[in-house]
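Visitor: Got a structure here, written out as structure tokens. Questions coming.
The values are calculated or read from the model by the stated rules, or taken from the named source; none is laboratory data. What you see is a predicted model, and the numbers here were worked out from it, not measured in a lab. FYI the Cβ positions are ideal-geometry reconstructions off the backbone, even for glycines, and counts take in every protein chain you see. Heads up: the accessible areas ignore ligands, DNA and RNA and are worked out on the full protein's heavy atoms, side chains in. Shrake-Rupley method; radii C 1.70, N 1.55, O 1.52, S 1.80 Å.
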Amino acid sequence: MINSSAKSKVLSLWNDYQKSSEPITTLKGKEIPEIDKKRILAIEDIKKIIASFLNGETDVFSFKTSLDSYNKRNNLWGFTAVKGQMFFNQLVRTYGDDGQKFPNLLKEVIREPKDLNEALNFIEKLETYISDDYDKASDKRKVPKPSSVGYFLSYFWQIHNYKKWPILYSSLISTFSEIGIWEEKENQKETYRFFYHLNEDIKAFLSSKTNSKIGNWGVEHCFWSLHLNNRAPEPKTKPKIESEPVNIEEESKVTLAKPNFDIQDYLIPLLSNLVELGEDQENTSSKKGHLFEKKVAQAFNQLDFDVVELGQGRGRNPDAILKFRKENIAFIVDAKAYSKGYDLGIDDRAIREYINVHCPKLQDDGFKKIGFIIVSNSFKSDFETFINDVTWNTPIKRFILITTSALLHLVAYKAKDKLDINQITESLIKLGTLITEKEVIGEFEDV
């Protein structure tokens, strides 16, 4: 399966990986020292969560929530991303009320297969179960994607037996393609079959060359390092991002990750210069502010929110109201075109006024969950004291600071991966108070 040229490349990559002293990092650039030891400890906890579901002690809804909570605290496999927890969320949202049919199927396919043939059978069962609905769906963003099945199931199998089962990471497929040893297959069953055998061949080859036993994690870490080093080229229109560093304690040795694609390929022309507009120092602040507000509103429109534009010329108002009627969620939005970073200053009075005026109206209109979003190229602080006061003493449940670049990345991932508004809203809520492009990449980039 691996020819002599490919073997030479694989060995060279392995040698480079062994020489490197850099620890494994996440897509957000966060170091994970001694990741294998941490995984072995985490496996015992996750096995208990799985066993509770398999034994009937918890239902599929509690299982999903428990797994999500644990992986958010211990994100050692990248399961929080699109093909993991987000796929699981869509499975439960789509089939969770399907009596016992879906829970029983899930119990069958997430247990450890006795061999590769049974594993492929499990993949085929789940892929078949969801494919018909996916093919018929008028809006494919709202149903689980069959292309996530291989990663999703192989994650559980590795928890059961990490020495036997490799996880079908998109990053591994990407790097296998780069060195010319990957072949695209027509479905997830055949994809995992090819992947499994290729991974076994690489382990055997490296083990013979190093006189040591190379396992699944060794191959994974080696090719993951190549994946991080070979990210997408700079965007065709390179935006200046984070002109002013955010005044928050930084993680040590954090390197900003890039998406594995050019976001400009997925942005409408109107939004392509949004970051530059925020940096503009030539136009009057009024003109620049108006254009910036309109484009920010359009960005949220691209995320499928119902956008009510307010802003300049309509009295003391925020710039927009975002509505997600199905879940009765709304956000008040204020866009700040500050070239040197936005600081709260005396704007706290205006923000409180926006909340006092618009929250009662939204509540009367049936919106149960209301948040506040400020969009700016960068922020000079995290406004912690102010935000704590607002979320404690007003109807605002989430207060979010999102950088312009992060917003554009969110729009790009939504277009690329056909994400639905549920996924977008869940991510906005869970990514924390300050959302930069780093958080968005870490949330949505395939692992």
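Visitor: Suppose we keep only residues that are surrounded by 17 or more Cβ atoms within 10 Å (Cβ to Cβ) and out of contact with any helix residue (DSSP H, G or I) (no Cβ under 6 Å at 6 or more places or on another chain) within the stretch 165-180. Which one would you say is farthest from Gln85 (Cα to Cα)?
Guide: Here the answer is Phe176.
Visitor: Go through (1) open to solvent by less than 20 Å² (accessible area, probe 1.4 Å); (2) within 26 Å of the chain's Cα centre (by Cα) one by one and return the number of the condition Ser381 breaks.
Guide: Every condition holds for Ser381 apart from (1).
Visitor: Can you tell me which condition Trp77 does not meet? The list is (1) closer than 17 Å to Tyr129 by Cα; (2) more than 12 Å from the chain's Cα centre (by Cα); (3) surrounded by 20 or more Cβ atoms within 10 Å (Cβ to Cβ), and all the others hold.
Guide: Answer for Trp77: the failing condition is (1).
Visitor: Can you find a residue in the stretch 171-180 that is more than 27 Å from the chain's Cα centre (by Cα) and closer than 22 Å to Phe261 by Cβ? Please lay out each step first, then the result.
Guide: Taking the stretch 171-180 and keeping what is more than 27 Å from the chain's Cα centre (by Cα), we get 180.
Adding the requirement that they be closer than 22 Å to Phe261 by Cβ leaves 180.
Within the stretch 171-180, one or more residues are more than 27 Å from the chain's Cα centre (by Cα) and closer than 22 Å to Phe261 by Cβ.
Visitor: Would you pick out the residues in the stretch 186-213 that are assigned to a loop (DSSP other than H, G, I, E, B) and modelled with pLDDT of 95 or more?
Guide: The answer is Asn187, and nothing else.
Visitor: Condition check: over 23 Å from the mean Cα position of the chain (by Cα) and either over 22 Å from Glu445 (Cβ atoms) or hydrophobic (A, V, I, L, M, F, W, C) (or both). Does Glu112 satisfy that?
Guide: Details: over 23 Å from the mean Cα position of the chain (by Cα): yes; either over 22 Å from Glu445 (Cβ atoms) or hydrophobic (A, V, I, L, M, F, W, C) (or both): yes.
Answer is yes for this residue.
Visitor: Given the residues Leu419, Leu362, Leu428, Leu401, which is the only one that is out of contact with any Leu (no Cβ under 6 Å at 6 or more places or on another chain) and closer than 21 Å to Ser272 by Cα?
Guide: Values: Leu362 fails: closer than 21 Å to Ser272 by Cα; Leu428 fails: closer than 21 Å to Ser272 by Cα; Leu401 fails: out of contact with any Leu (no Cβ under 6 Å at 6 or more places or on another chain).
Only one candidate passes the filter, namely Leu419.
Visitor: When you check Phe372 against the structure, is it closer than 27 Å to Leu277 by Cα, open to solvent by less than 20 Å² (accessible area, probe 1.4 Å), among the hydrophobic types (A, V, I, L, M, F, W, C) and in contact with a Gly (Cβ under 9 Å, 6 or more places away or on another chain), yes or no?
Guide: The answer is no for Phe372.
Visitor: Test Phe63 against the stated conditions and say whether it is touching a helix residue (DSSP H, G or I) at 6+ places or on another chain (Cβ under 8 Å), in contact (Cβ under 8 Å) with a residue 40 or more places away in the chain and not aliphatic (A, V, I, L, M). Don't jump to the end; show me each part of the working.
Guide: Values: touching a helix residue (DSSP H, G or I) at 6+ places or on another chain (Cβ under 8 Å): yes; in contact (Cβ under 8 Å) with a residue 40 or more places away in the chain: no; not aliphatic (A, V, I, L, M): yes.
Against the criterion (touching a helix residue (DSSP H, G or I) at 6+ places or on another chain (Cβ under 8 Å), in contact (Cβ under 8 Å) with a residue 40 or more places away in the chain and not aliphatic (A, V, I, L, M)), Phe63 does not qualify.
Visitor: Sort out which residues of the stretch 181-211 are out of contact with any Ser or Thr (no Cβ under 9 Å at 6 or more places or on another chain), basic (Lys, Arg) and either open to solvent by 60 Å² or more (accessible area, probe 1.4 Å) or under 15 Å from Leu13 (Cα atoms) (or both), and write them in order of number.
Guide: Once the filter is applied, which keeps residues that are out of contact with any Ser or Thr (no Cβ under 9 Å at 6 or more places or on another chain), basic (Lys, Arg) and either open to solvent by 60 Å² or more (accessible area, probe 1.4 Å) or under 15 Å from Leu13 (Cα atoms) (or both), the stretch 181-211 yields Arg193, Lys203, Lys209.
Visitor: Would you be able to tell me the number of residues in the stretch 109-130 that are under 16 Å from Gln188 (Cβ atoms), open to solvent by less than 60 Å² (accessible area, probe 1.4 Å) and acidic (Asp, Glu)?
Guide: So the answer is 2.
Visitor: Being open to solvent by less than 50 Å² (accessible area, probe 1.4 Å) and either in a helix (DSSP H, G or I) or of a type outside the set (Val, Ile, Thr) (or both) is the filter here, so list the residues in the stretch 384-394 that pass it.
Guide: Phe386, Ile387, Val390, listed by residue number.
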